[in-house]
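Below is one structure, written out as structure tokens; comments come after it.
The values are calculated or read from the model by the stated rules, or taken from the named source; none is laboratory data. Here the structure is a predicted model, which is why all the values come from computation and not from measurement. FYI the Cβ positions are ideal-geometry reconstructions off the backbone, even for glycines, and counts take in every protein chain you see.
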Amino acid sequence: MKFYRRLNAFDAVSFDLDDTLYDNWPVIARAEAALNDYLSEHCPPLAALDKATLAGFRRQARDENPAQRFDVTAMRVAQLTLAGEHVGLTAEKARAQAQAATTFFCGYRSDFTPPAQSLAYLKAWSEKLPLVAITNGNVDTDAIGLTPFFQHIFRAGEHGAAKPSPEMFDKAAQALGIAPARILHVGDHLSSDVSGARQAGMQACWIRPERQSPMMHKGRTLPDVAIDDLSELDTLIQQRHR
């Protein structure tokens, strides 16, 4: 644990989800592989498109509808719709295929159980102080068993611009009725989580990947405190919450 500025007492904790409470990269890798198998069965020409081509359709979808760029689920539907039309599907069939494929992907990406330690900590903390979740992703918190621990869950797109925009942080503070300075935000990303929280007036706790230093990331806002795992956050909650 390393402090970069004095950490004041706090009355609530907000959490990023992906790669903060569980390791998300293996989950997404499995889901992407499963989606490719799904498309190979249901629409082989779509499965044959390379990553660069698909990335181009994602950029096109973003440019054509900037308002949905923060909603990763809507963006995937739009991307796959454009890709389907590219391989010869009618607009109607391309949209239907994209929606079906995205539904499959979302189900698969939420088909896992967070670490038992994360669940145990969340249960204990939720009995001590209010918890909220602020995520740029689309994990189904009901499916993975996290919903009961949070008083509110804010998702990019549905509830505002993606982090590091302060919009969802502001909404979290308003929903809790707690001043931002009295909320500690916990996340793994120096820009999305640390910079976003600090811009919104919250204190920021960075779960640093592989004991990295924020000094390794040029131009990034320093957290109030950096930790290596949730056991250190538990210590902070015991010491600083009152």
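Here is a list: TYR108, TYR121. Which entry is more than 18 Å from LYS171 (Cα to Cα), in contact with a Lys or Arg (Cβ under 8 Å, 6 or more places away or on another chain), of a type outside the set (A, V, I, L, M, F, W, C) and in contact (Cβ under 8 Å) with a residue 60 or more places away in the chain? Being more than 18 Å from LYS171 (Cα to Cα), in contact with a Lys or Arg (Cβ under 8 Å, 6 or more places away or on another chain), of a type outside the set (A, V, I, L, M, F, W, C) and in contact (Cβ under 8 Å) with a residue 60 or more places away in the chain holds for just one of TYR108, TYR121, which is TYR108.
Please verify whether the range 174-182 includes one or more residues that are modelled with pLDDT of 95 or more and within 24 Å of PRO66 (Cα to Cα).
Filtering the range 174-182 down to residues modelled with pLDDT of 95 or more leaves 174-182.
From the residues that got through so far, the ones that are within 24 Å of PRO66 (Cα to Cα) too are none.
Scanning the range 174-182 turns up no residue that is modelled with pLDDT of 95 or more and within 24 Å of PRO66 (Cα to Cα).
Scanning the range 53-66 finds no residues that are touching a helix residue (DSSP H, G or I) at 6+ places or on another chain (Cβ under 7 Å), small (Gly, Ala, Ser), in contact (Cβ under 8 Å) with a residue 40 or more places away in the chain and closer than 26 Å to ALA143 by Cβ. Please tell me if ALA204 is assigned to a helix (DSSP H, G or I) and within 27 Å of ALA9 (Cβ to Cβ). In short, no. Cβ separations smaller than 8 Å between residues 6+ apart or across chains give the following pairs from the range 21-45 residues that are over 30 Å from ILE134 (Cα atoms) to residues that are not in a helix (DSSP H, G or I): CYS43/VAL87; CYS43/LEU89; PRO45/VAL87; PRO45/GLY88. ASP16 meets each of the listed conditions (1) in the same structural domain as ASP188 (by TED's automatic domain parsing); (2) surrounded by 17 or more Cβ atoms within 10 Å (Cβ to Cβ); (3) of a type outside the set (Ser, Thr, Tyr); (4) more than 21 Å from the chain's Cα centre (by Cα) apart from (4).
Of all residues in the range 219-242, those being at pLDDT below 85 and of a type in the set (Ser, Thr, Tyr) number 1.
Could you list, in sequence order, all residues of the range 151-167 that are charged (D, E, K, R) and under 23 Å from LEU122 (Cα atoms)? Give the derivation first.
Quick first cut of the range 151-167, residues charged (D, E, K, R) only: 155, 158, 163, 167.
Within the range 151-167, ARG155, LYS163 meet the criteria.
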